[in-house]
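Just below is one structure, and these are the notes that go with it.
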Amino acid sequence: MHLREWSYSFSSMYQFISNGWKRGFRVSHTRFSLGFAVLLYAVCNSVNADKLIKWFRLGDGLDLAALCAFLVAGLCLFTGFFALLAHRLTIKPLAILLTILSAAATYFIAKYNVAIDSSMVRNTIHTDITEVGQLLSLQMIPYVIFLVLLPTVIILKADITFRSSARYLLDSLVLIVVTLGVALACLYSNYNGILRAGNVSSKYIVYSLVPINIISSSMAVASKSLRPWLRRDAKAIEITGHVSAPGDLVVVLAIGESSRKKNFSLYGYQRRNTNPELQTISGLHLLNGIARRGSTLYALPQILEKNEIKLPMMVSRMGIPTACYVNYTLYDNCAAVGEITASHCRHEKCYDEDVVPLLENDLKSYGSGYRFLVLHLGGGSHGPIYGDRHPPEFLRFQPTCDDADIASKCTPEQVYNSYDNTILYVDHVVAEIIRTLDRRGAPYVLIYVSDHGESLMENGVMFHGMPPGMALPQEQAEVPLIVKSSVPITIAPRAEYLQPDIFDTVLALFSIQTDMFDASGAFIQKSAAGESAR
Ligand SMILES: [Zn+2]
């Protein structure tokens, strides 16, 4: 090729590009949505890929299937989200806003190794200008050029075409349905691996995935700030019912965390004696509890909610003094009454035992009548570092597993030792509750139940949590349900007791009559002797 031909082809190429640049480039709205999502997602996440990949370990190797499924699911969710909001007027501003936020998130993850969660978003909203100034640095320049300016110019240059309203809606719908379908298929097919990485990293894999982290935490902040308005609606719910037979009884409902029945010696566990204290207490009713939801957020309403009515609200509206004492929050399950969190704790940090003084203090004011007390022993047996859930003096079974990466770094022996130490501590806390109740002398019925169990690598499953619609493995479904009372009671014999039956039981113990729900699940009856005793 001669020099002249070279220069000709170069100049024509230049002509083509510069014409295109002036004209902008034409692209359909679905192609733009897809292309924008893929590029933004791929570029931003490849910057910090190492920080994400390291959590998807399996033994010495990489759980590639779970990592790919997680990344594809994240991309699909982002694409679907973008397509949902990408209309003629919003598509460019939204794309630019997401680009700027994603670039900022990518920079802060790279430089400060931060997790982008809802507290981070709240902080950012409340950051003032001087603080922003302090965060700026020269290192930001490449991020600003390549992750903000360049993409913004390209977005502005795009000539995005929209079809007629009907076709546009159909195209968007197809894109949303397909991406959502692929995302769900990816998540369900590799659920165990993704859950393991999520647990081991304390959800860091979500908090570091741009822009899923920004979108999910912004939505969490928005829903939290909207809650006061929504709660006004909750107050409007009319509650009907009455106490048919007044009496003297304190009902204590203690809700545990991730403690599975299988490791309670009371229920026949042989490996170690995990219940030395409860074994010395007579009159315990050991029932086979069944959980249907594998995460605290969804399990608590199984026990504390029926037809969108929370049990503490229902009971307190019947004029029965009600209180919730917690080590970890009950979320909104006790919002109507208000929860009191343990403070002035005995150790450097608070443990489940620090709820007991709150119970004792409450009982000091008890004279007669009905009273309802909910205790959330939310530390319980929650992983991944089981040793964090109990004070050092309960580190009895050794050697333990002290690494969050349980599946790769610890032997089954170590995992069981660590987990059994938490059960030993649950044993102590529940026994303390019973001793406190006995000491105060108020007539009581105590119900202890765990929110769900825990898998310890049975069939390759670790920790807890299953997506909605999937049955829980036996280890997560079978929970201890222990009843102790100082008044005569009879317990309906059943092979299994479901968590929603506890709701019915509490209503029955307080003789609350209501036609708001089917309360036929109640399993504790005050005996005739109990009636005459009051
Ligand atoms: Zn839980």
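Any idea what the dipole of the range 57-212 comes to, in debye rounded to 20, about its Cα centre with Lys/Arg Cβ at +1 and Asp/Glu Cβ at -1?
Here the range 57-212 has a charge dipole of around 300 debye.
Hey, any idea what Rg/Rh is for the chain, computing Rh the Kirkwood way over Cα pairs?
When Rh is taken as the Kirkwood radius, the ratio is 1.07.
Can you list which of the trypsin sites (Lys or Arg not before Pro) found in the range 351-446 are DSSP loop residues with at most 15 other C-beta atoms within 10 Å? Intermediate results must be reported in sequence, preceding the final value.
Working: sites: K364, R371, R389, R396, K409, R435, R439, R440; in loops: R396.
Within the range 351-446, the qualifying trypsin sites (Lys or Arg not before Pro) (loop, at most 15 other Cβ atoms within 10 Å) are R396.
Enumerate the helices in the chain for which the Kyte-Doolittle hydropathy averages 1.0 or more and the C-alpha atoms extend at least 20 Å along the helix's axis, using complete DSSP H runs.
29-47, 64-85, 91-112, 165-189
If the rule is a partner Cβ under 4.7 Å, which cysteines in the chain fail it?
C44, C68, C76, C186 - these cysteines have no disulfide-compatible partner (Cβ-Cβ under 4.7 Å) in the chain.
Among A492, V430, F32, pick out the residue whose Cα is farthest towards the positive end of the charge dipole of the chain, where Lys and Arg carry +1 and Asp and Glu carry -1 on C-beta, about the Cα centre.
Value: F32.
What percent do you get for the relative contact order of the chain when only Cα pairs under 8 Å and 6+ apart count?
Working: 844 pairs, mean separation 99.8, N = 534.
Rounded, it is 19 percent for the chain.
How high is the relative contact order of the range 20-220, in percent, counting Cα pairs under 8 Å that sit 6 or more residues apart?
Taking the mean separation of contacting Cα pairs over the length of the range 20-220, I get 45 percent.
What's the magnitude of the charge dipole for the chain around its Cα centre, counting Lys and Arg as +1 and Asp and Glu as -1 at the beta-carbon? Answer in Debye, nearest 20.
Numbers: 46 positive and 45 negative charges, 380 e Å.
Charge dipole, the chain, about its Cα centre: 1820 debye, nearest 20.
Share of antiparallel DSSP beta bridges in the chain, in percent to the nearest 5?
45
In percent, how large is the relative contact order of the range 241-533, given Cα pairs closer than 8 Å and 6 or more residues apart? The partial results should precede the final answer.
Values: 622 pairs, mean separation 94.6, N = 293.
Result for the range 241-533 is 32 percent.
Work out, in µm²/s and without decimals, the Stokes-Einstein translational diffusion coefficient of the range 241-533 at 4 °C, 1.567 mPa s, Rh from Kirkwood over C-alpha pairs.
Stokes-Einstein gives a translational diffusion coefficient of 67 µm²/s.
Roughly what % antiparallel, to the nearest 5, for the DSSP beta bridges in the range 241-533?
DSSP beta bridges in the range 241-533 are roughly 45 percent antiparallel.
Between the DSSP loop rule and a limit of at most 13 other Cβ atoms within 10 Å, which GluC sites (Glu not before Pro) in the range 338-396 are left? Display every interim value, and only then the final one.
Numbers: sites: E339, E348, E353, E360, E393; in loops: E348.
Loop-located and lightly packed - E348.
Please identify every one of the GluC sites (Glu not before Pro) in the range 467-510 that sits in a loop by DSSP and has no more than 13 other beta carbons within 10 Å of its own beta carbon.
Passing both the DSSP loop test and the Cβ count: E496.
Sorted from largest down, what three extents in whole angstroms do the Cα atoms of the range 207-342 have along their principal axes?
Over the range 207-342, Cα extents along the principal axes are 51, 49, 28 Å.
Would you order L424, L64 from fewest to most other beta-carbon atoms within 10 Å of each residue's own beta-carbon?
In order of increasing Cβ crowding within 10 Å: L64, L424.
Run lengths n ≥ 4 of DSSP H only: what is the helix-derived mean residue ellipticity at 222 nm for the chain, with -39500 (n - 2.57) per run over all residues, to the nearest 500?
Working: 20 runs with 254 residues, N = 534.
The helix contribution divided over the chain gives -15000 deg cm²/dmol.
What is the dipole size for the range 241-533, taken about its Cα centre, with +1 at each Lys and Arg Cβ and -1 at each Asp and Glu Cβ, in debye to the nearest 20?
In debye, rounded to 20, the range 241-533 gives about 500.
Read the figures in this text as sums done on the coordinates, not as results from a lab. As the structure is a computational prediction, the values presented were derived from the model and not from experiment. A quick note on method: Cβ atoms are made from the backbone with ideal geometry, for glycine too, and the neighbour counts reach across all protein chains shown.
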